[in-house]
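Worksheet: the structure to be examined is printed underneath.
The values are calculated or read from the model by the stated rules, or taken from the named source; none is laboratory data. The model shown is predicted, which means the values in this text are computed figures rather than measured ones. Virtual Cβ from ideal backbone geometry, glycine too; neighbours counted across all protein chains shown.
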């Protein structure tokens, strides 16, 4: 009987090792899932920035093609921005004023750069599985010595959902600011990120271009 039990245990352990996945395999699968979504719709996520003295600034960012919508709040301030090419509409909810501004398109969008951090998270990083629960894998990504990109953060913490392989959150620290990106959603349409003045009757619009 004891011999049979030992044989069964050995078989179970062997099966488990066959189905076990490395951190690189899991994150590569996450990249594939995200790429499949990218070809069909836009992307939305919540971004939180913890800034010394100021506190936590939370924003909801949506992208569709080259268009971006950002809704941010901190304290008693509430700002909504629509970005389309070199034009930005900025709505100050408290003041009930929408300002139309000209943007410098030669500079990359920080919002899109941050959202792109989820993709190819293992590229240029040494990844370690630090924790595993019934519904998620927790990874720590440490910048490799061979990584030539000076702007890449030294460390990132990534959480990937089991079953869907969708990222649940990504946290890092850049120039003293802790950034956390979470709550990804691909159900974004072009209408969601396009400014429509008819949606804001009675609001003053000032063209500063």
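Across segment 154-176, the number of residues qualifying as closer than 21 Å to residue 55 by Cα and in a loop (DSSP other than H, G, I, E, B) comes to 2.
Restricting the first member to segment 43-69 and to residues that are on the phi > 0 side of the Ramachandran plot and outside any strand (DSSP E or B), and the second to residues that are modelled with pLDDT of 80 or more and surrounded by 14 or more Cβ atoms within 10 Å (Cβ to Cβ), the beta-carbon pairs closer than 8 Å and six or more apart or on different chains are 65/42. Can you confirm whether residue 179 is assigned to a strand (DSSP E or B), at pLDDT below 90 and touching a strand residue (DSSP E or B) at 6+ places or on another chain (Cβ under 7 Å)? It is true that residue 179 is assigned to a strand (DSSP E or B), at pLDDT below 90 and touching a strand residue (DSSP E or B) at 6+ places or on another chain (Cβ under 7 Å).
Inside segment 182-192, can you point out the residues that are part of a loop (DSSP other than H, G, I, E, B) and either in contact with a strand residue (DSSP E or B) (Cβ under 6 Å, 6 or more places away or on another chain) or within 23 Å of residue 139 (Cβ to Cβ) (or both)?
So in segment 182-192, the residues part of a loop (DSSP other than H, G, I, E, B) come out as 186-189.
The answer is 186, 188.
Scanning segment 21-31 for residues that are surrounded by fewer than 17 Cβ atoms within 10 Å (Cβ to Cβ) and touching a residue at least 12 places away in the same chain (Cβ under 8 Å) gives 24, 28, 29. For segment 154-196, enumerate the residues that are more than 14 Å from residue 44 (Cβ to Cβ) and touching a helix residue (DSSP H, G or I) at 6+ places or on another chain (Cβ under 8 Å). Listed by number, the residues that qualify are 156, 158, 160, 164, 165, 170, 172, 179. Within segment 92-134, can you find the residues that are surrounded by fewer than 17 Cβ atoms within 10 Å (Cβ to Cβ), in contact with a helix residue (DSSP H, G or I) (Cβ under 9 Å, 6 or more places away or on another chain) and either at pLDDT 90 or above or part of a strand (DSSP E or B) (or both)? Correct list: 128, 129.
Return the residues of segment 70-91 that are touching a residue at least 40 places away in the same chain (Cβ under 8 Å) and surrounded by fewer than 16 Cβ atoms within 10 Å (Cβ to Cβ); say none if nothing qualifies. I'd like the intermediate steps shown before the answer.
Step one: of segment 70-91, the residues touching a residue at least 40 places away in the same chain (Cβ under 8 Å) are 70, 82, 84, 87, 89, 91.
If the condition is that a residue be touching a residue at least 40 places away in the same chain (Cβ under 8 Å) and surrounded by fewer than 16 Cβ atoms within 10 Å (Cβ to Cβ), then 87 is the only one that fits.
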